[in-house]
Amino acid sequence: MADQTTDGFYTNLSCGALGIRPGFEAAVDLAIEFGFGAVEPDVGYLTSQSAEQVEALRSRLAEHGVKWGNAGLPVDLNADAATFASQLAALNDHAARLASYGIDRVGTWIRPMSNSLTYRRNFRRHAERIALVDEILAGAGVRFGLEYVGPKSFWSTELYPFVHTLAEARELIDAVGSPNVGLILDTFHWYTSGESAADIAELSAEEVVAVDLNDAPTGLERDQQQDGQRMLPGATGVIDVAGFVGALRKIGYVGPVKVEPFNAELRAMDPRDAVAKTAESLNAVL
């Protein structure tokens, strides 16, 4: 079983991130069975339930010491203007629902390249769009996390590279100018960006909204690593997960920690076995 909390961390079960689809009710059962401190919320499922059913579920989770992890953002920061405007218009009601369910963290990733926008134009557009999204989320009391994507094998595939390092992500967040916007840190992106525990130690705890722990396959150079091929944390030792976790402890991070390995072997497992193996890996590194 995974410890529900380790210092300020609480382990977060995201079946979607593991590539398994047991259904949300089964995911809740698995989170409780294997001692996770949080479960990633399925907002569509919650919306389909009555207020009484949602309250009963929240009570059950609280009884077992399980919180909500971070939810996804239903707005595409890279969409065309009309699509972005439409999604933004719907976000107010969505954010109100999140608040009513007690979900207080949302995240999305930053696409690290473009074939049409130079770095400066892309930076300006992202800063403007993130600020618009954040105004709504902050008004509902929901924190907004941004995840940079580090593999060179990904960001180098289009004409104009964009934000793909911790330093650049912090510059973008600083340009937005809202204390409600923070980072989603992933060991895989941290490793492929060539960063160190010292880079994490420079952060304040308040800058970090959520954390993903993964390892990398052996036999590849850093710049050869593929975003869609990862390992459970601690599986290979390619990534210094202990150093990453230690730095987060040093700054006093409090929040969810999940595994997102994009691993074919794990996806092929029975969901219960996959969750059991994930819990075991989190125990080992936390």
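The values are calculated or read from the model by the stated rules, or taken from the named source; none is laboratory data. The structure displayed is predicted, hence computed values, not measured ones. All Cβ positions, even for glycine, are placed from backbone atoms using ideal geometry, and neighbour counts span all protein chains on display.
Points worth noting:
- Any hit, the range 183-198, residues being charged (D, E, K, R) and more than 30 Å from Y45 (Cα to Cα): yes
- Meets criteria (surrounded by fewer than 20 Cβ atoms within 10 Å (Cβ to Cβ) and of a type outside the set (V, I, T)) for A175: yes
- Number of the exception - P22 against (1) in the same structural domain as D273 (by TED's automatic domain parsing); (2) surrounded by fewer than 17 Cβ atoms within 10 Å (Cβ to Cβ); (3) assigned to a loop (DSSP other than H, G, I, E, B): (2)
- Test: R105 is surrounded by 13 or more Cβ atoms within 10 Å (Cβ to Cβ), in contact with a strand residue (DSSP E or B) (Cβ under 9 Å, 6 or more places away or on another chain) and within 25 Å of G182 (Cβ to Cβ): yes
- Any hit, the range 235-243, residues being more than 23 Å from W155 (Cα to Cα) and of a type in the set (S, T, Y): yes
- Test: residue in the range 240-247 that is under 18 Å from the mean Cα position of the chain (by Cα) and not assigned by TED's automatic domain parsing to the domain that holds A127: no
- Residue in the range 250-266 that is charged (D, E, K, R), part of a helix (DSSP H, G or I) and not assigned by TED's automatic domain parsing to the domain that holds G145 present: yes
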